[in-house]
Structure formats: structure tokens, C-alpha cells
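The values are calculated or read from the model by the stated rules, or taken from the named source; none is laboratory data. It should be emphasised that the depicted structure is a prediction, and the values quoted were computed from it without experimental measurement. Note: ideal-geometry Cβ built from the backbone for every residue, glycine included; neighbour counts use all protein chains shown. To get the accessible areas, we keep the full protein, side chains included, count just its heavy atoms, and leave off ligands, DNA and RNA. Shrake-Rupley method; radii C 1.70, N 1.55, O 1.52, S 1.80 Å.
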Amino acid sequence: MITTILSTTPLDTGNTAWMTVATILVLLMSIPGIALFYGGLVRQKNMLSVIMQTMLIVGAVSLLWVAFGYSWAFDDSYAAEGSPLAALIGGWGKSFLHGVRLDTIMPTGIPELTFAMFQCMFALITPALILGAFAERVKFKGYMVFTLLWVTIAYFPMAHWVWGGGFLQQMGAIDFAGGTVVHINAGMSALVMALLVGKRDDYRVGHPILPHNITFVFMGTSFLWLGWFGFNAGSGLAADGLAANAFLVTHVATAAAAMTWMAMDWTVNKKPTTVGACTGAVAGLVAITPAAGSVDLLGAFAIGIITPVVCFFMVAVVKAHFKYDDALDAFGVHGVGGIVGSVLTGVFATRYITGEGGVEGALYGDWHQLGVQLFATAVSIAFSAVVTVVLFAIVDRLVGIRVDKRVEEEGLDIYEHGESAYN
């Protein structure tokens, strides 16, 4: 992600038009992408609960973002004051987008207002990923309080650490579009929440709870794949060669991951399933995200083949062994995929993409960068896990998180929202 330091660059209409489109594409990842993908995977009686959780995020987090989230992530007032807090959050200077005018232009020639909206979409998709881990068993009220607190305490600061001038960015950690900020952050929180909330009452290892609408799963995957081009190719903030490379490697890694998962599914389970191919595609999208601005075609193929193997093992073997109920494999795909992608960025980054004097990975002789990636990954894992444990304890005590047994049995749609997805 390009730094947010402002410049006197004139407005570039081409870059602005592309970033407007990219912003819309990223919004498609949440609504309708995640809503359909996760909604299709749950049972019919809980379809609307997923839709409402997603809608809550889009509405409420957007308001938090313009109120103070953007300022915490990308303001530089603490840095200008020489405050030690600058390593952790940006400051309060851009609360409610104070000082962000029509003529405030970023270095790539786009309005800062466009950049703020683009980053808002990242803030939306991140907590939406978490809900898949504890689907079908949490109160809407508890989910709402937890999500708003989590975005404030976990997402906004980490966005600053990696993209807004914080300590991980200063160390040289590479995260082009959200491997640590989005996927590891959300994935680790998903695992912790799944463990703390507990299993669904009818969850049995070896007896999967079947999705109610695989067509929705495919449609959601399609929107995610499409939207991810805005997610990754837009993260250079310009319509240029870097965006073209991000577009290419995103597509290739995703295609390779979908085919790899399908091959494993066919080999292990004797059938190539639609859900399996869709899951593989999402794993590829996740893993290429941090690397899209620094790897070439070789890196894309490697990441697209390695990641689904690791994620498949986590979903099919590790989850069954430890018997935790990550309902929609939010950790197994997003958390693990983000970890693999972040680490492999430190292996396959190349100056062929980053340019003369740019970073390169261990494959090309720079083992230091791999060490930086490992450190950033470890920090993300630990921070998200600790924040989630603390917030769960607070929210569960205040409003409660898990629904009653009868509500879980008969479905969240009717009890929580007074509606049925299918009449």
C-alpha cells in the first residue's frame, strides 16, 4: 500500500477513475460476496442472520471509519508532534475527515476522499470474514457490540502499523493489500471466537453440516474473485504497470489454487466438489493479497499451489483432530491462507516487480526480508488473539454472545430477526 503522505501532485483523472471503480469492486466483496458465500454455507434457518451481520458491518463500521477510524489509521499528527504514540495510531487530526478537502490530492493524483473511501472498504470486509467461524450460534446484539469494539481496537491500529506509518511499516514489512491487516487479523480472531463460543449443539466430527444453497456459495465466490481485483490491483493507488501485475498474479494464483483444491478433493474424497473448488479459489485470493505488489508469475503459481495444500490439511485434518467448530472455515482459509501468503511474500518477492533498489525475497538471496515477514506475521497473530480473548470476556459479560439452545435449534432468522429467508 502506497504511503498516505500528501503531495502537490495535480489531480490525475485516469487514476481517480480507476480507484473509484476499485472501491466499488471491494464493496462487492462484502455485499453481496461474503453475504452469499457464507449465507449459502449455513443452513436455511440461519441464512438471514448472515445477511444481517454483513449489513450491520457495512453500515456501522462505515460510520466508525469516517468518525475516527481513518484518522487513527492514516493521520500523521502524532508523528508530526514527535509523540511515541505515532508507532501505534496516527492521531485524531482527521476525525470526521477534518481537513480532507476536495482539492487534497494523494501522491498518485487521486483525491484523499477517494483514498479514504477505498480504505473504508477494507475496514468493512475484515470483520465480515470473522463471522464465518461462529455462524449459527451467536446473538445479533452480542455480535454487534463485539464487532464494533474489535474494529476499533484490532483493525484501526493494525492498519496504521502496516500502512499508515506505524512500526511494522517502518521495519519494512510487505503487505500490499491486507495479508496481516485483514486476513491474519480476522482469521486469528475467528479461531479464538470459535473456541470461546463453543461448538454448535449438533456439530459432530466426521458428520459435516451441509450447506443449504451451493449455488449461493458459487455466486459469492464469483463476487469475491471479481471484487478482489479492486482489492489487490487497486492497492497501488494508480492505473499503472504495478496494478496490471497485481491483476495478473491475483488471477493466476486464484486459478491455480482452485484447481489444486479440486485435485485434492477428487483424490481424497473421490469427487471434485463445487464447495471445494470455491474454497480453494478463496484460499488463493487470500494468500496472494500481501504479495500482489512484489511477486511475478513464478510467485503467483507457487503461492497458488502451496496455499491450498496447507489450508486443505488444516480444514480436513487439523480441525477434525482438535475438534473445534470453525463453522465455515474462516480460520482454516483466511487465517492460514493469510499466514502462508505473508511468509511466502518474503520468499518470492522480486526486484523484477519492486524495481531497482526494491525488496526481494529469500529465493533471490534476501533472507532478511523473510525474517521481517515472519516477525510481522507473529505480531499479527498474537495481537489479534489477545484482543479477541479480552473483548469476548467483556462482551459476554455485558450482553451475552451465545444464543439459547432453543434459538440455535430452531434458527436465528426467526428468533433474532423475525423473518424467514424462504416463505
Inset, instruction - Using a 1.4 Å probe and ignoring any ligands, DNA or RNA, find the accessible area of Ile306 and quote it in Å² to the nearest 10. - result: 70
Inset, instruction - Amide H neighbours of Ile105 under 5 Å, at least 5 residues apart or on other chains, H built in the peptide plane: list them. - result: Ser7, Glu112
Legend entry - Relative contact order for the chain, counting Cα pairs under 8 Å that sit 6 or more residues apart, in percent: 24
Legend entry - Residue-level accessible surface for Phe140, protein heavy atoms, 1.4 Å, Å²: 50
Inset, instruction - Compare the peptides 187-194, 61-68 by average per-residue count of other Cβ atoms within 10 angstrom and give them in order, highest first. - result: 187-194, 61-68
Inset, instruction - Starting at the first residue of region 164-181, write each ³J(HN,Hα) from the Karplus equation 6.51 cos²θ - 1.76 cosθ + 1.60 with θ = phi - 60°, in whole Hz, x for Gly and Pro. - result: x, x, x, 5, 6, 5, 5, 6, x, 5, 9, 8, 4, 9, x, x, 8, 4
Inset, instruction - Can you sort Val205, Val181 by 1.4 Å-probe accessible area, starting with the largest? - result: Val205, Val181
Legend entry - Accessible area of the chain divided out per residue, in Å², using a probe of 1.4 angstrom: 38
Legend entry - Placed amide H near Val138: partners under 5 Å, 5+ positions off or other chain: Val403
Inset, instruction - Just tell me which lysines come within less than 22 Å, Cα to Cα, of Lys405; anything on the same chain fewer than 8 places away is out. - result: Lys45, Lys139, Lys141, Lys199, Lys323
Inset, instruction - With an 8 Å cut-off on Cα pairs and a minimum separation of 6 or more residues, tell me the relative contact order of region 194-302 in percent. - result: 29
Legend entry - Nearest-10 value in Å² for the accessible area of Phe134, using the 1.4 Å probe: 0
Inset, instruction - Mind jotting down a quarter of the surface of the convex hull over the alpha carbons of region 219-292, in square nanometres, one decimal? - result: 4.5
Inset, instruction - Name the long-range amide H neighbours of Ala421: under 5 Å, sequence gap of 5 or more, or other chain; modelled H, no Pro or chain starts. - result: Leu48
Inset, instruction - Would you mind classifying region 305-357 by shape? Square roots of the alpha carbon gyration tensor eigenvalues, ordered a ≥ b ≥ c; an a/c under 1.5 is rounded, otherwise it is prolate if a/b is larger than b/c and oblate if not. - result: prolate
Inset, instruction - With N denoting the number of residues in the chain, provide Rg(C-alpha) divided by 2.2 N^0.38 Å, to two decimal places. - result: 0.93
Inset, instruction - Could you rank Arg397, Arg402 by how accessible they are, 1.4 Å probe, largest area first? - result: Arg397, Arg402
Legend entry - Carbon/sulfur fraction of accessible area - the chain, other protein chains in place, 1.4 Å, %: 69
Inset, instruction - From largest accessible area down, sort Phe216, Phe322, Phe313, Phe74; use a 1.4 Å probe on the protein chains. - result: Phe322, Phe313, Phe216, Phe74
Legend entry - Calculated from backbone phi, Karplus (6.51, -1.76, 1.60) coupling profile of region 84-89 in Hz, x at Gly/Pro: x, 5, 4, 6, 10, 9
Inset, instruction - Would you kindly derive the ³J(HN,Hα) couplings of region 220-232 from the backbone phi angles with the Karplus curve 6.51 cos²θ - 1.76 cosθ + 1.60 (θ = phi - 60°), listing them in order in whole Hz, with x for Gly and Pro? - result: x, 4, 4, 5, 5, 4, 5, x, 5, 5, x, 4, 8
